[in-house]
Amino acid sequence: IRITYEEPPEGIGNELSLGEQMTLFEAQARVDFDILVPADLGTPDTVFLSPVAGGMVNLVYGADGDLPAAPRTDVGVIVTQFRSRLDEQFFFKYIPQSANVEEVPVREEQGYWIDEPHQLTYVDPDGEFGQVGNRLSGPSLVWEESDVVFRVESALSRDDAIAVAESLR
């Protein structure tokens, strides 16, 4: 038996099980949609790709003076994007009854601001239902645009999360 100890790869958000860490360029080569980056935040500190149908990209930004840290993490914002669509019947089924869900305009689409942690239920490109938990135990902004679902998870206010979403390029 041989036991070795290796340091985990460096990167903000490693403890959140977001998938395989890689560069933004590598992630873009492995998905069939354009990965959008929030101009307000710039280049992500870490990028992860989860192995769901079509690939789920997680752009992770570390907490700093402008981005408050989510509880028990060093993460300020996660911007998730993946090829899918929201099925409203199932989307609302898994949101806690205590949560407030507010319809908000996001990038000329209808989005939802959910003020509590929740499961995100979606329909993948193969027509199968999938779920993703909330990784930062905080509020999030969710919307669908051109068959891609986006979620901004953070400790930011609703208006600040919408500003991050509006800056996607």
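General remarks:
- Residue list for the stretch 128-169, filter: acidic (Asp, Glu) and free of Cβ contacts under 8 Å to residues at least 24 places away in the same chain: Asp159, Asp160
- Ile78 over 24 Å from Gly42 (Cα atoms) and either β-branched (Val, Ile, Thr) or in contact with a Pro (Cβ under 9 Å, 6 or more places away or on another chain) (or both): no
- Pairing each residue of the stretch 24-40 that is touching a residue at least 60 places away in the same chain (Cβ under 8 Å) with any residue that is open to solvent by 30 Å² or more (accessible area, probe 1.4 Å) and of a type in the set (A, V, I, L, M, F, W, C), provided the two are 6+ apart or on different chains, yields C-beta distances under 9 Å for Val37/Leu24; Pro38/Ala163; Asp40/Ala163.
- The residues in the stretch 132-157 that are out of contact with any Asp or Glu (no Cβ under 7 Å at 6 or more places or on another chain), among the charged types (D, E, K, R) and more than 19 Å from Asp74 (Cβ to Cβ) can be counted, and the count is 2.
- Test: residue in the stretch 103-120 that is more than 21 Å from Ala39 (Cα to Cα), modelled with pLDDT under 90 and of a type in the set (D, E, K, R): yes
- Criterion (among the acidic types (Asp, Glu), at pLDDT 95 or above, outside any loop (DSSP other than H, G, I, E, B) and loosely packed, with under 15 Cβ neighbours inside 10 Å) met by exactly one of Glu15, Glu26: Glu26
- Condition check for Leu41 on (1) open to solvent by less than 30 Å² (accessible area, probe 1.4 Å); (2) within 18 Å of Arg169 (Cβ to Cβ); (3) in contact with a strand residue (DSSP E or B) (Cβ under 7 Å, 6 or more places away or on another chain); (4) assigned to a loop (DSSP other than H, G, I, E, B): one failure, at (1).
The values are calculated or read from the model by the stated rules, or taken from the named source; none is laboratory data. Quantities reported herein were computed from a predicted structural model and do not represent experimental measurements. Backbone-built Cβ (ideal geometry, glycine too); neighbour counts: all protein chains shown. These accessible areas exclude ligands, DNA and RNA; they are computed on the full protein's heavy atoms, side chains included. Shrake-Rupley method; radii C 1.70, N 1.55, O 1.52, S 1.80 Å.
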